Amino acid sequence: MTGKYSGVVSRIKNVANLHFVHIHCIIHRQHLVAKKMSPDLNEVLTEAVKIINFIKCNALNSRLFLILCEEVGSEHSHLLMHAEIRWLSRARVLNRFVELRKEIELFLIQKKSNYISIIQNTEWIAKCIYLSDIFNLINTLNLSLEDLLCIIVHPLFMHLKKKYSCG
């Protein structure tokens with residue numbers, strides 16, 4: 001649809017005879033960055049997702065975690081699920097994980113889970129917070145690029161629509 005040979009980009013260039021930079025693919029580079037991140041940080045993300053899945057994918061665990069969060073008075077009571085398809089949600093998933101790390105630790109201790117050693121590792125938690133910050137910055141960049149794209153494309157589209165309308 002946005003292809004440079006037969007999509008909207010080529011049509012705008014041909015019809016309006018304008019030269020502009022197509023930035024659509026920049027937004028999707030985060031996905032590539034996340035796929036190629038260091039094995040150490042990738043392992044942190046994978047382990048965080050495993051811990052989240054341990055809690056969220058079992059209805060009993062999910063309800064018990066909700067009760068624990070309510071008893072402790074947490075601001076949030078639910079963890080967010082991570083899906084490969086929703087790569088922009090990584091920041092939100094990790095943010096919520098970091099915000100609820102004490103509650104997660106309490107829950108894992110109560111469940112006598114094998115994940116206790118991971119969540120109690122301060123170096124691992126620091127990497128998790130660092131990774132969360134990286135994804136937050138990338139999401140901020142994505143949003144600013146989307147805003148920029150809307151600011152540039154909308155007036156151009158309206159100009160072309162007015163200039164080449166059949167009515």
Summing Lys, Arg as +1 and Asp, Glu as -1, what charge do residues with Cβ under 14 Å from the Cβ of W124 carry, W124 excluded? -2
Between K111 and T46, with labels modelled 7 Å along Cα→Cβ, what's the label distance in nm to one decimal, could you check? 2.0
Sort 113-121, 56-64 by the packing proxy (mean of other Cβ within 10 Å over each peptide's residues), most packed first. 113-121, 56-64
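Since every read-out is calculated from the coordinates, none of them should be taken as a lab result. If you're wondering where the values come from, they're calculated on a predicted model, not measured in any experiment. Quick reminder, even Gly has a Cβ in these numbers, built from the backbone with ideal geometry, and neighbours come from all protein chains shown.
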